[in-house]
Amino acid sequence: EDILAALGCHGEDSIFPAHPRFERVANLIPTPDAERILEALLASPSRRLLAHGAGGVGKTSTVLSLPTHRPHGRWIFYDCFGGGTYKDSPGDERHSVRRALLQLSNQLAVESGSPFLIRPPDSKDDIWRAFRSRLDCAAQILKAQGQSLFLVIDAADNAIQAADTPKDSFIVDMWKVQLPENVFLLMTARSGGRAQSLQAPPDTPQLELTGFDQEASTQHLRLKHPSATDNDARVFHDYSHGNPRVQTYALNTGANADISIVLEHARRKLDEIFQDYIEGALTLRFSKGLASEHLDDLSCFPRPLRLEHLTEVFGLPSTELEALCNALSPGLVRSPDGWRFRDEDFDTFLRIRLENSSGVTSAHLR
């Protein structure tokens, strides 16, 4: 605190304004995608790669596992989703050039010993210049140690979605940064239009992630059902198309769910699963207001959802709001600082539900 005060910083957030909020998966099951990403990235002539995949395919978990596959390198991860905070009020955004490059510059300093960026310039162009000089410095330091540097921008499409225009996001210009010879850039996004929105240069290779293979699906199923047969595992993999998140929701169907129920739930798509949570929440009754209104309000609230804030704003007993959050579990999960969204897919599902409803204006007014 004394050092920060001497530097004129009000706190650690002054130099690390966009801390990663990744959810580390317990009992991580490796997928073939990690090795495929490394092979494609190292083979890329531009040392750049866009890895994309369907919702729930395990993009974040896979890239977070990459350091174990290549330990002789330094890894910098930038979290564009931020536990759902990426669309919060100004000051919490993760897409702006100032916040992203300040965070990345100082993560570089921690990893390599390059200079910290304490007082970023006011001009956007000058901030880019300050970042590039630190990137070059970090590359030189690591090159002398025989190491490479890997910059990973995870869920980069969220940084495009949160910006008013793509040019307001740091993503598009990040592709244009000239990388030193021992520096690699990896971005991840959802497939389709979300991946296209990143505007990767034409010479940037793109790799579609596929999720679990048969072996990984079998291991995943037997974490909760050790007695599952080989045929059960094969059906589990085929029904879920190897999608780790679909499998996770199927395995969380119930504490004592029979294997046949788990297999049936593995057949479902994520949107169908999420709609079940919504319909369950809509059956709740509240002392004030309608369940549909309270669901809309959750989509407008800053993350994480703090129960004391919800009770004050909604004017509802905490028990009723606990019931609402519990009804949306495991799409919502309890954390020490409140309720947060388990993943981007459920967060996006609720936002789209709100944007497509007639109550979007009244929800934001409330």
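The values are calculated or read from the model by the stated rules, or taken from the named source; none is laboratory data. None of these values were measured; they are calculated from a predicted model. When we count neighbours, we look across all protein chains shown, and the Cβ atoms used for this are built from the backbone with ideal geometry, even at glycine. We work out accessible area using only protein heavy atoms, side chains counted, and drop any ligands, DNA or RNA first. Shrake-Rupley method; radii C 1.70, N 1.55, O 1.52, S 1.80 Å.
Listed by chain and number, the lysines whose C-alpha is less than 18 Å from the C-alpha of Lys124, apart from same-chain residues fewer than 8 away, are Lys167, Lys176.
Work out, in µm²/s and without decimals, the Stokes-Einstein translational diffusion coefficient of region 1-41 at 20 °C, 1.002 mPa s, Rh from Kirkwood over C-alpha pairs. Roughly 153 µm²/s, to the nearest whole number. For a straight C-alpha distance cut-off of 24 angstrom, the lysines reachable from Lys224 (same-chain residues fewer than eight places away being disregarded) are Lys59, Lys269. Taking only the Cα atoms of region 45-96, the radius of gyration and Dmax are 13.8, 39 Å.
Residue-normalised convex hull volume from the C-alpha trace of region 164-206: 84 Å³ per residue.
Diffusion of region 75-218 by Stokes-Einstein, at 37 °C in a medium of 0.692 mPa s and with Rh set to the Kirkwood radius over alpha-carbon pairs, works out to 203 µm²/s.
In the P(r) worked out for region 1-79, what percent of Cα pairs fall beyond 21 Å?
Details: 1375 of 3081 pairs.
Percentage above 21 Å: 45.
Angle of helix 214-224 to the longest C-alpha principal axis of the chain, folded into 0 to 90 degrees and rounded to 10: 60°. Using C-alpha pairs under 8 Å with a sequence gap of at least 6, the mean separation divided by the residue count of region 238-366 gives a relative contact order of 23 percent.
The phi-based Karplus calculation (6.51 cos²θ - 1.76 cosθ + 1.60; θ = phi - 60°) puts the 3J(HN,Hα) values of region 274-291 at 5, 5, 4, 4, 4, 5, x, 5, 5, 7, 6, 10, 10, 5, 8, x, 9, 4 Hz, whole numbers, x for Gly and Pro. Using a probe of 1.4 angstrom and keeping all protein chains present, the accessible surface of the chain works out to 47 square angstrom per residue.
Taking the C-alpha atoms only, the angle from helix 32-43 to the longest principal axis of the chain is near 20 degrees. Each residue was assigned an accessible area with a 1.4 Å probe, and for Lys87 the value is about 80 Å².
When averaged across all projection directions, what area in nm² does the alpha-carbon convex hull of region 199-331 cover?
Value for region 199-331: 11.3 nm².
The protection proxy used here, the mean number of other Cβ atoms lying within 10 Å of each residue, ranks peptides 16-25, 101-110 as follows, highest first: 101-110, 16-25. Both radii come from the Cα set of region 103-187: Rg as radius of gyration, Rh as Kirkwood radius; their ratio Rg/Rh reads 0.97. The listed peptides 334-342, 115-123, ordered by packing as a protection proxy, come out as 334-342, 115-123 (highest mean of other Cβ atoms within 10 Å first). For region 7-123, the relative contact order works out to 35 percent when only alpha carbon pairs closer than 8 Å and six or more residues apart are counted. Only protein atoms count toward the accessible area here, which uses a 1.4 Å probe; on region 240-345, the carbon and sulfur part of that area reaches 50 percent.
All C-alpha pair distances within the chain, sorted into 20 Å bins from zero, spread as 27, 55, 19, 0 percent across the bins. Contact order, relative form, for region 84-198: 28 percent (alpha carbon pairs under 8 Å, 6 or more residues apart, mean separation divided by residue count).
In region 1-150, the C-alpha radius of gyration followed by the widest Cα-Cα span (Dmax) gives 16.7, 48 angstrom.
Highest-first packing order for the peptide set 74-84, 257-267 is 74-84, 257-267, based on the mean count of other beta carbon atoms within 10 Å.
What translational D, rounded to a whole number of µm²/s, comes out for region 283-366 from Stokes-Einstein when the hydrodynamic radius is the Kirkwood one over Cα pairs, at 20 °C and 1.002 mPa s? The estimated diffusion coefficient comes to 165 µm²/s.
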